[in-house]
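Inspection log for the structure reproduced underneath, given as structure tokens.
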Amino acid sequence: MLSPRLVLSVFLAALAAAPLLLSPFYVTLLNYIGLYAMVALGLVLLTGVGGLTSFGQAAFVGLGAYTTAALSTATALPGWIAWAGASPWLTLLAGLLLTAAVAVVLGSLTLKLSGHFLPLGTIAWGISLYFLFGTMESLGGHTGLSGIPPISIFGWVLDQGHEIYYLIWLFLLAAVFTTQNLLDSREGRAIRALKGGMVMAEAMGVNTSRARMIIFVIAALHACASGWLYAHMQRFVNPTPFGLHIGIEYLFMAVVGGAGQVWGALVGAGVITVLKQWLQDVLPRVFGASGNFEVIVFGLMMVLVLQRARDGLWPLVARLVPVRAARKAIDAAAPALPRRSLPPPGTLILEARNVTRRFGGLVANQDMSLEVRAGEILALIGPNGAGKSTMFNQISGVDTPTSGEVLFLGQAVAGRDARAIARMGMSRSFQHVKLLPTMSVLENVAIGAHLRGSKGVLSAAWRRERAEEARLLAEAARQLERVGLAAHLHDEAGSLALGQQRILEIARALCSDPCLLLLDEPAAGLRFKEKRALADLLRKLRAEGMAILLVEHDMDFVMGLVDRVVVMEFGHKIAEGLPDEVQRNPAVLEAYLGGVE
């Protein structure tokens, strides 16, 4: 295994030497690879990591290019914007500000869409901006704008390809390293949690709308910077490079390189750019006619990649150049995070009053009431389809009751979002395990501590939050040790057995420092010894004063553990009491037909 620093040093040395060793043609090709990789990097963050497909990134490239072209070639500018025309560096600032504003507006509209409507929305505004560039006379129409001045640094004019080369790659490397830093942080885990499902992320306190907007704006800013560099390298812009077909090509680069890998953007941009150039030279000779034959080849390539290599080419590169994976270091000496004071035993923590939930003509919960007190374990049981999970969702903020009240720590929470309820001290696991399978066990659990940190995106990008990050990871490690998964700290979560994944979810919930724990079938899939260890853990939490509400089908597990039982059937409560009383209740025996599934 090679050291990551060694591989990076060799790569940087090769980049530095390239203009000295290669012909101008290949230097220009490397310039375009760098420009395209910046846009593809934004799509890695947006699509590969965040799960948001965008076909409109070329329009943001155009926004950056046209902003600098218009400002730097104008003979007279209004006083309020005249400052920006004084230098290309000021036009970069103006372009980034304009792009951020446009991205926020477009994101506010587009990111509310889901499914296939989201990519269709990006196509719509991508086409709109493309035609805007071509129809505005002040932007030169389809003819474009020429006479764009070159960039200069301390009097050094970058008017040759080998001179602007270093600036392009400096921008790209800065984008790569800040993106890596961002993903390796609390904010990065929130972004990656988007792929694990909105319900899970919100339940852990992640503001998913904010996280989606952050990556949308970052991807747009990467594209804008690429457009600024492109305009000053070409010294001319017109709408052609900013159309929808180029937006699709950028997405193709991200997918081919490896949509979930930061360095995959560079691989994808390099492969597609070189292959496109080669095919444009070779195919006309093969077919004896000119035409866009490379588009046909790219289409076939995309089908093959999606079938055979869904993770792109980056895993292949990683196998050819094996680099020792860096493990997250746990600082055992990191100060512990502050903990909330648990209410005294017997304090009423949760109260549901006459909760009813209707879905059209279907009544999932009908006048359901229950109470959970500090230092108590309450089991909510019933046959499949009784409405238990729906009741869980009313309590935790995933859904809103049609009528009735839910009081948590004396405050009405019906109608509040799951994130706000989590901040109050409620956390949960899920009936169907919701994890990020390719992330480590440690990082999955650390998502639960999201609300216990405060550092933002800029701090993460420039690694100014390392002290807080050390505390969050140390807390996650402590919770994993607490539930018996310390040996799997650095394993991928998807490699764990189902029972271990359920225990991992409990550790993640505990990482948020709750006073009420909602557990949805936590013993499902666990072996006998694992169930016994889980029961011991829950008894320990109860002794500490935590309130626990659990849904479970394993009656042997439930009846030997809980303090009280509430039984549901067809959305109604049919029994409540001590475990022994409930087991003898005729209505319960009839509901279960003599047993539990």
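Just give me the residues in segment 314-358 being loosely packed, with under 13 Cβ neighbours inside 10 Å and in contact with a Ser or Thr (Cβ under 8 Å, 6 or more places away or on another chain), in sequence order. The answer is R324, and nothing else. Scanning for something more than 23 Å from V176 (Cα to Cα), in the same structural domain as W278 (by TED's automatic domain parsing) and not in a helix (DSSP H, G or I), does segment 20-29 turn up at least one residue? Yes, segment 20-29 contains a residue that is more than 23 Å from V176 (Cα to Cα), in the same structural domain as W278 (by TED's automatic domain parsing) and not in a helix (DSSP H, G or I). Filtering segment 553-590 to residues that are closer than 21 Å to Q394 by Cβ, touching a strand residue (DSSP E or B) at 6+ places or on another chain (Cβ under 6 Å) and not in a strand (DSSP E or B) leaves V562, G571. Since Q431 meets every condition but one in (1) more than 21 Å from the chain's Cα centre (by Cα); (2) among the polar types (S, T, N, Q); (3) not in a loop (DSSP other than H, G, I, E, B), which condition does it not meet? The failed condition is (3). Of the candidates G247, G270, G227, G260, the single residue that is surrounded by fewer than 24 Cβ atoms within 10 Å (Cβ to Cβ), in the same structural domain as V102 (by TED's automatic domain parsing) and over 30 Å from L510 (Cβ atoms) is G270.
Residue by residue, here is whether (1) buried (at least 17 other Cβ atoms within 10 Å of the Cβ); (2) farther than 30 Å from R324 by Cα; (3) free of Cβ contacts under 8 Å to residues at least 12 places away in the same chain holds:
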residue: G494; (1), (2), (3): no, no, no
residue: S512; (1), (2), (3): yes, yes, no
residue: D520; (1), (2), (3): yes, yes, no
residue: F528; (1), (2), (3): no, yes, yes
residue: R584; (1), (2), (3): no, yes, yes
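Return a yes/no flag: does segment 385-393 have any residue that is over 16 Å from M568 (Cβ atoms), in contact with a helix residue (DSSP H, G or I) (Cβ under 9 Å, 6 or more places away or on another chain) and either modelled with pLDDT under 95 or of a type outside the set (G, A, S) (or both). No, that holds for no residue. Of the strands (runs of 3 or more DSSP E) lying entirely inside segment 310-396, the ones with 3 or more residues being polar (S, T, N, Q) and over 30 Å from R5 (Cα atoms) are found at 362-373. Note on segment 224-246: residues that are assigned to a helix (DSSP H, G or I) and touching a Ser or Thr at 6+ places or on another chain (Cβ under 6 Å) amount to 3.
One residue stands out in segment 139-148 among those that are over 39 Å from the mean Cα position of the chain (by Cα) and over 10 Å from P239 (Cβ atoms): the one that is surrounded by the fewest Cβ atoms within 10 Å (Cβ to Cβ), namely G147.
The values are calculated or read from the model by the stated rules, or taken from the named source; none is laboratory data. Because the structure is predicted, anything quoted here is derived from the model rather than measured. All Cβ positions, glycine included, derive from the backbone under ideal geometry; neighbour counts span all protein chains shown.
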